[in-house]
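Okay, so here's the structure we're looking at.
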Amino acid sequence: AAANIGVVGLAVMGANLARNLASREGNTVAVLNRSPERTDALIAEHPEAGFVPAYSYEEFAASLTRPRTAIIMVQAGAATDATIDALVEVFEPGDIIVDGGNAFFPDTIRRERTVRETGINFVGAGISGGEEGALNGPSIMPGGSDEAWATLGPILTSIAAVADGEPCVAHIGHDGAGHFVKMVHNGIEYADMQLIAEAYDLIRRGTGKSPAEIADVFAEWNRGELESYLIEITAEVLRQVDAETGRPLVDVILDQAGAKGTGAWTVQTALSLGVPVSGIAEATFARSLSSHPEQRAAAAELPGPAETFAPLDETAFIEDVRQALYASKIVAYSQGFDEIRAGAAEYDWSIDLGAVSRIWRAGCIIRAQFLGRIAEAYTEQPELPLLMSAPYFADALSRGQAAWRRVVIAATAAGIPAPAFSSSLSYYDGLRAERLPAALIQGQRDFFGAHTYRRVDRPGTFHTLWSADRSEVRL
Ligand code: 6PG
């Protein structure tokens, strides 16, 4: 046995993670892949890594020092289950199997429970940062037992991104907690991307600026409070020219957004938990809407507004859009952290929301200056009930809300879809409202189904005898 850590699955993410591990002092990395050709190719391309190749699970297990620790980087679903089963066959009690893919957290909970019976530790770990992050430093969100974390912690810390001197990895909580938090990270990622896309669309259709000119706007925004990886890469994408046609690449790319499911999981889970993640939901639905060409063709002739959209002051309009983007972003993160808080309560995880925001400051796709502000908010008030009500964010919302409203009004008047901007604003106004029409919903429910209601002026549960004399009974 020569290796202290192993990687199973050598597609780009797995190969990059293995190279990252191998580049850190003290690590020797065993590698295994279903097809041996890929293993051989990796060894040949990276002799500097000193990989220990294995061509069977037995060989792989024999090459690892105890407790054996292996990170699985294979496709979610059946491939992950098959790999876990194969490792369980050759590993021993105390060994550690880590699933570093994007698994749905209930699967992780199930796998952890099954594997634990063998005495082997199973850890679901969210790993964010794409290919580049895997190679140079991702943000890592491991769940699993404290025992597994004791061995795994130093290894993951050695490869994680670093933000202000702190590694972007933390033991999130037991069993599925890490994959749960990674799922919400992706939901927020969807919202961030959709908000940026809406901002781009509004500026383009409102001012007629070219993608390259809008790239300059985003590059400028990236120097302020919106500074983030996604804003930065947006400028790069908008500036790209298609070699074949000479047109902006963004005009050549088919406008149908793909999705591998993590956004949908975030929304499904939020629905079960009763947490309104409306911005994330709209972002997920916006991708679905874009991907129905037959319905879009059928709707293409439906009427829009008569007037064309032309803001009087372009500079002021662009600044309004920037503020609307920032305000909506605050809402999306507030909703995402709310889902983590609710998930932790439901699944009995003790998740430190401040630690989550700190490990998202670097390495991951949603990395941004902004995460430092969230960390501060949770440090000041660990039990903060609502992120957007923390002083820094409340202040930003109060500065931005007038612009936010102007943008949603302009988009609506012009017939430009801005689902994430407008749903975020409705969420903000919904929570702010002194009274909500939910009272009427309760009245309707009581009318047709005797579902009862509570009153504002005294305790208890009540029902109106709607089909009799309409007197009220206390139940
Ligand atoms: C990350 C990303 C990554 C995700 C891609 C694609 O944190 O590195 O979230 O895990 O797979 O972003 O996701 P979609 O295909 O669903 O857009």
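Put simply, the amide H of residue 163, placed in the peptide plane, has neighbours under 5 Å in 168, leaving out anything fewer than 5 places away on its chain.
For residue 241, the residues 5 or more places off, or on other chains, whose built amide H falls under 5 Å of its own are 249. The angle between the Cα long axis of helix 278-290 and the longest principal axis of the Cα atoms of the chain comes to about 80 degrees, rounded to the nearest 10. Given +1 at the Cβ of Lys and Arg, -1 at the Cβ of Asp and Glu and no other charges, the dipole of segment 334-475 around its Cα centre is 400 debye to the nearest 20. Assuming R0 = 41 Å, can you tell me the calculated FRET efficiency for the pair residue 117 and residue 288, based on Cβ-Cβ distance, to the nearest 0.05? Efficiency, from the Cβ-Cβ distance: 0.55. For residue 4, neighbours were defined as the other residues whose beta-carbon sits under 15 Å from its Cβ, and their charges (Lys and Arg +1, Asp and Glu -1) total +1. Restriction of the GluC sites (Glu not before Pro) in segment 22-63 to DSSP coil positions whose beta-carbon has at most 16 other beta-carbons within 10 angstrom yields 25. The phi torsions of segment 60-75, fed into the Karplus equation with coefficients 6.51, -1.76 and 1.60 and a -60° offset, translate into couplings of 4, 4, 5, 7, 9, 6, 8, x, 5, 10, 10, 9, 8, 10, 10, 4 Hz, rounded to whole numbers, with Gly and Pro shown as x. Near residue 456: Cβ cut-off under 12 Å, other residues only, Lys/Arg at +1 and Asp/Glu at -1. The net charge is +2.
Between the beta carbons of residue 65 and residue 302, assuming R0 = 60 Å, the FRET efficiency works out to 0.35 to the nearest 0.05.
The loop-placed trypsin sites (Lys or Arg not before Pro) in segment 362-451, going by DSSP, that have at most 10 neighbouring Cβ atoms within 10 Å of their Cβ come out as 435.
Distance from the Cα centroid of segment 18-61 to that of segment 264-318 is 45 Å (rounded to whole angstrom). Across segment 129-143, computed HN-Hα scalar couplings (Karplus, 6.51 cos²θ - 1.76 cosθ + 1.60, θ = phi - 60°) run x, x, 5, 5, x, 4, 7, 10, x, x, 9, 10, 10, x, x Hz from first to last residue, x flagging Gly and Pro. Of the residues 462, 180, 60, 421, the one with the fewest other Cβ atoms within 10 Å heads the list, and the complete ranking is 462, 60, 421, 180. Assuming R0 = 60 Å, what is the FRET efficiency of residue 452 and residue 37, from their Cβ-Cβ distance, to the nearest 0.05? The calculated FRET efficiency here is 0.35.
With Cα atoms defining each centre, segment 327-356 and segment 86-156 are spaced 22 Å apart in the structure.
Say the dipole of the chain comes from +1 at the beta carbon of Lys and Arg and -1 at that of Asp and Glu; which of 60, 297, 460 then lies farthest toward its positive end? Positive-end residue among those listed: 460. Summing charges over all other residues whose Cβ lies under 12 Å from the Cβ of residue 395, with Lys and Arg as +1 and Asp and Glu as -1, gives +1. The loop-placed GluC sites (Glu not before Pro) in segment 359-397, going by DSSP, that have at most 12 neighbouring Cβ atoms within 10 Å of their Cβ come out as 383. Converting the Cα gyration tensor eigenvalues of segment 240-304 into ellipsoid dimensions via √(5λ) gives semi-axes, longest first, of 30, 18, 10 Å. Distant-in-sequence amide contacts of residue 69, defined by a placed amide H-H separation under 5 Å and a gap of 5 or more residues or a different chain, comprise 6, 96.
Each Lys and Arg Cβ is given +1 and each Asp and Glu Cβ -1; about its Cα centre, the chain then shows a dipole of about 1100 debye. Between residue 249 and residue 463, the modelled label-to-label distance comes to 6.3 nm, taking each label 7 Å out from Cα in the direction of the beta carbon. Helix content alone sets the calculated 222 nm mean residue ellipticity of the chain: runs of n ≥ 4 DSSP H residues at -39500 (n - 2.57) each, divided across all residues, give -17500 deg cm²/dmol.
FYI, it's all coordinate maths here, none of it is from the lab. Here the structure is a predicted model, which means the values were calculated and not measured. Cβ atoms come from the backbone with ideal geometry, glycine included; neighbour counts cover every protein chain shown.
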